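Presented below is the structure to which this report refers.
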């Protein structure tokens with residue numbers, strides 16, 4: 001007797017099959033594609049970002065007439081301090097952009113803090129650590145008001161034991177618990 005599947009399950013199976021068959025195809029000369037693996041091997045992270053921002057900024061320039069001078073994104077794993085990049089390929093000419101990665105807005109810990117949790121037998125391994133066991137410390141990027149050149153700063157915010165990380169009253173008031181991450 002065949003198994004009974006929902007429409008969503010069937011759609012998921014079809015999408016997975018399509019992804020697998022697409023992954024088996026090799027890019028052909030002139031098809032305009034470059035796989036993520038090839039981009040990772042051939043382009044530095046800043047080159048990939050400059051290419052991406054060039055595409056996004058072209059659309060912004062045509063619809064809004066200008067492009068941002070600051071770009072903040074949240075990517076998992078690790079926050080990165082602000083850097084500068086030149087975005088080319090724009091009709092208005094190259095643009096200097098300050099960019100920074102906030103990291104994911106989730107609890108972060110140093111290697112020493114993780115090792116201490118394991119040593120204190122609060123978890124058997126790194127993979128067994130629960131988010132609640134990490135210190136309530138969150139990274140974010142502060143962008144000061146600017147007229148021409150933005151000033152981005154990687155900061156961290158430590159929640160008090162009684163508040164939620166979503167408590168924006170203190171977070172955006174930037175109390176004394178917000179500190180610059182070196």
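Summary table below
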item: Mean-position separation - Cα centroids, the stretch 45-106 and the stretch 115-151, in angstrom; result: 24
item: Förster-model FRET efficiency, 41 Å R0, residue 160 and residue 83, C-beta, rounded to 0.05; result: 0.85
item: Virtual spin-label span in nm between residue 112 and residue 13, 7 Å along Cα→Cβ; result: 5.4
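Since every read-out is calculated from the coordinates, none of them should be taken as a lab result. Just so it is clear, the structure is predicted and the values come from calculations on it, not from any experiment. Note: ideal-geometry Cβ built from the backbone for every residue, glycine included; neighbour counts use all protein chains shown.
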